[in-house]
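Structure first, then comments.
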Amino acid sequence: MKFIMLRRVMYIGMKGLLLSRPRRTAWFQMENPGVLSLQMVNVLEPATLRGLLATTRRERPGGTVGGVPTTLYRGTITARRLYGISRTYRMTRGERPRGPEGRMVIGWRLWQDAERNTRKLVVSYADTWDAPGIPGWERLHTVFTSTTRFSGWGARVRVKAPPAHSVLNFGDPALNREPMALLPQLPVPLPGLGR
């Protein structure tokens, strides 16, 4: 899937979405939510990055990431503290995490180059989920880990809308007659929401 975000609109595109045109990318247009991150810790927000680095417990050479030497920072942050520093997390999560949800520990590792550009981020946390109806598995203990790589720092980028003929309109009656592929589900797991 591809995402294009402009000032007021966002486009989500997928190749093969329309079965009659399997090699072409079709786009859906929607209102720009103002935030998009499949990683629950959005280090592209300066306040979130500063707040995350403030919880650093260890720093060492991080080897090469994307052909660039890096420094590896690692630490932990609670869901409550992340909620306080991150606009993305607040918008995605909704209400403030309280009690055990707020105390949930999120481990992180962050690789930055000499220019302090983030090159890689790994976030993980453990959660316990209710699983009623599954004998012997009423409570599931799950570890979530997500990895994001960043590249192209300093490159000049021009973002523009996809061609109008490739943008689908949900209200178009012709769209209802066109067979479509199933859209993949991309849930963003959030600490404590499975409790």
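What are the residues in region 52-74 that are open to solvent by less than 10 Å² (accessible area, probe 1.4 Å) and either touching a helix residue (DSSP H, G or I) at 6+ places or on another chain (Cβ under 9 Å) or in contact (Cβ under 8 Å) with a residue 60 or more places away in the chain (or both), if any?
Within region 52-74, Leu52 is the sole residue that qualifies.
Residue check: is Arg90 within 17 Å of the chain's Cα centre (by Cα) and not β-branched (Val, Ile, Thr)?
yes
Just the residues that are small (Gly, Ala, Ser), open to solvent by less than 50 Å² (accessible area, probe 1.4 Å), assigned to a helix (DSSP H, G or I) and modelled with pLDDT of 55 or more, please, taken from region 139-195.
Once the filter is applied, which keeps residues that are small (Gly, Ala, Ser), open to solvent by less than 50 Å² (accessible area, probe 1.4 Å), assigned to a helix (DSSP H, G or I) and modelled with pLDDT of 55 or more, region 139-195 yields only Ser166.
When you scan region 44-64, how many residues do you find that are under 13 Å from Ile106 (Cβ atoms) and hydrophobic (A, V, I, L, M, F, W, C)?
Count: 1.
Tally up the residues in region 40-51 that are within 15 Å of Ser146 (Cβ to Cβ) and either aliphatic (A, V, I, L, M) or in contact (Cβ under 8 Å) with a residue 60 or more places away in the chain (or both), please.
The qualifying residues number 4.
Do any helices (runs of 4 or more DSSP H) lying entirely in region 26-103 carry at least 2 residues that are modelled with pLDDT of 90 or more and farther than 15 Å from Lys120 by Cβ, and which ones are they?
Qualifying helices (runs of 4 or more DSSP H): 46-53, 79-85, 99-103.
Those residues that are in contact with a Phe, Trp or Tyr (Cβ under 7 Å, 6 or more places away or on another chain), touching a residue at least 12 places away in the same chain (Cβ under 8 Å), among the charged types (D, E, K, R) and surrounded by fewer than 19 Cβ atoms within 10 Å (Cβ to Cβ), I need them from region 75-106; list them, please.
Scanning region 75-106 gives a single hit, Arg96.
Which members of region 6-22 meet the condition of being modelled with pLDDT of 70 or more and out of contact with any Pro (no Cβ under 9 Å at 6 or more places or on another chain)?
Looking only at region 6-22, we keep the residues that are modelled with pLDDT of 70 or more, and these are 6-16.
Residues satisfying the conditions are Leu6, Arg7, Arg8, Val9, Ile12.
The values are calculated or read from the model by the stated rules, or taken from the named source; none is laboratory data. It should be emphasised that the depicted structure is a prediction, and the values quoted were computed from it without experimental measurement. Here the Cβ is made from the backbone with ideal geometry for all residues, glycine too, and neighbour counts use every protein chain on show. To get the accessible areas, we keep the full protein, side chains included, count just its heavy atoms, and leave off ligands, DNA and RNA. Shrake-Rupley method; radii C 1.70, N 1.55, O 1.52, S 1.80 Å.
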